[in-house]
Amino acid sequence: MSHFAATPYDPVIVRGDEAEHLPEIGHHLLADAGATDGALSAHRIRLARGADGAVPHRHDHSSELFFVVDGALDLLVGTEIVVARPGDFLVVPPHCDHAFRAHPDSTADALIVITPGIDRFDYLRHVARIRRGEADRNSLLCEQDRYDTHFVAGTKW
């Protein structure tokens, strides 16, 4: 007789064409921490050739996973810049400075997973508002602890 432990949350399925899209930053929102009982947060990025992704930052409580689906993604990891290509997988541990952008000669398509999860979709929506000119970049400074996204100054990027 088989016994299965009760799952802490219902299975999550997000159809690609139904995911919320933030075109200003190339993000497709898949599952926030609330949908996974804090297990993870996931979104997909599709960046134009050479487009910026995220400025240097760190997470104090979560690891960030990158899986490149297509194109090339430049990733600042600590003090090194790594070029990730299709099929490449990278996990950035907590407290490690990092940033990402599409490689200058390529577009980039990647899955990003943060674990344990933190509700970050409102953060990404806020970044989209900044890109549209509807909010000031400094407006995120007071939200760094809330989203476990701490900006890093003085990093060569």
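Taking interchain pairs and intrachain pairs at least six residues apart, which have beta carbon atoms under 9 angstrom, with the first residue in the stretch 117-131 and farther than 15 Å from Ser62 by Cβ and the second of a type in the set (S, T, N, Q)? From the stretch 117-131, the pairs are His126/Ser139; Arg129/Ser139; Ile130/Ser139.
Here is a yes/no grid of residues against (1) touching a Cys at 6+ places or on another chain (Cβ under 6 Å); (2) farther than 26 Å from Ala35 by Cβ; (3) among the small types (Gly, Ala, Ser); (4) in a strand (DSSP E or B):
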{"residue": "Leu65", "(1), (2), (3), (4)": "no, no, no, yes"}
{"residue": "Val68", "(1), (2), (3), (4)": "no, no, no, yes"}
{"residue": "Val83", "(1), (2), (3), (4)": "no, yes, no, yes"}
{"residue": "Gly87", "(1), (2), (3), (4)": "no, yes, yes, no"}
{"residue": "Pro94", "(1), (2), (3), (4)": "no, no, no, no"}
{"residue": "Pro104", "(1), (2), (3), (4)": "no, yes, no, no"}
{"residue": "Ile112", "(1), (2), (3), (4)": "no, no, no, yes"}
{"residue": "Arg125", "(1), (2), (3), (4)": "no, no, no, no"}
{"residue": "Ala135", "(1), (2), (3), (4)": "no, no, yes, no"}
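Is one or more of the residues making up the stretch 68-76 within 21 Å of Gly16 (Cβ to Cβ), of a type in the set (A, V, I, L, M, F, W, C) and either touching a Ser or Thr at 6+ places or on another chain (Cβ under 8 Å) or in contact (Cβ under 8 Å) with a residue 40 or more places away in the chain (or both)? Yes, that holds for at least one residue.
For the stretch 113-157, the set of residues classified as within 16 Å of the chain's Cα centre (by Cα) and small (Gly, Ala, Ser) consists of Gly117, Ala128, listed by residue number. Just one of the listed residues (His61, His43) is on the phi < 0 side of the Ramachandran plot and in contact with a helix residue (DSSP H, G or I) (Cβ under 9 Å, 6 or more places away or on another chain), namely His43. If you go through the stretch 145-157 and keep only what is part of a helix (DSSP H, G or I) and either surrounded by fewer than 15 Cβ atoms within 10 Å (Cβ to Cβ) or of a type in the set (Asp, Glu) (or both), you end up with Asp145, Arg146. Screening the candidates Ala42, Ala48 for the property of being buried (at least 16 other Cβ atoms within 10 Å of the Cβ) and either out of contact with any strand residue (DSSP E or B) (no Cβ under 9 Å at 6 or more places or on another chain) or among the small types (Gly, Ala, Ser) (or both) yields one hit, Ala42. Mind checking whether some residue in the stretch 11-19 is modelled with pLDDT of 95 or more and assigned to a strand (DSSP E or B)? No, the stretch 11-19 contains no residue that is modelled with pLDDT of 95 or more and assigned to a strand (DSSP E or B). Only a single item in (1) surrounded by 15 or more Cβ atoms within 10 Å (Cβ to Cβ); (2) at pLDDT 95 or above; (3) touching a helix residue (DSSP H, G or I) at 6+ places or on another chain (Cβ under 9 Å) is not met by Ala99, and it is number (3).
The values are calculated or read from the model by the stated rules, or taken from the named source; none is laboratory data. Bear in mind the structure is a predicted one, so any value in this text is a computation, not a measurement. Every residue, glycine among them, receives a Cβ derived from its backbone with ideal geometry; neighbour counts consider all protein chains shown.
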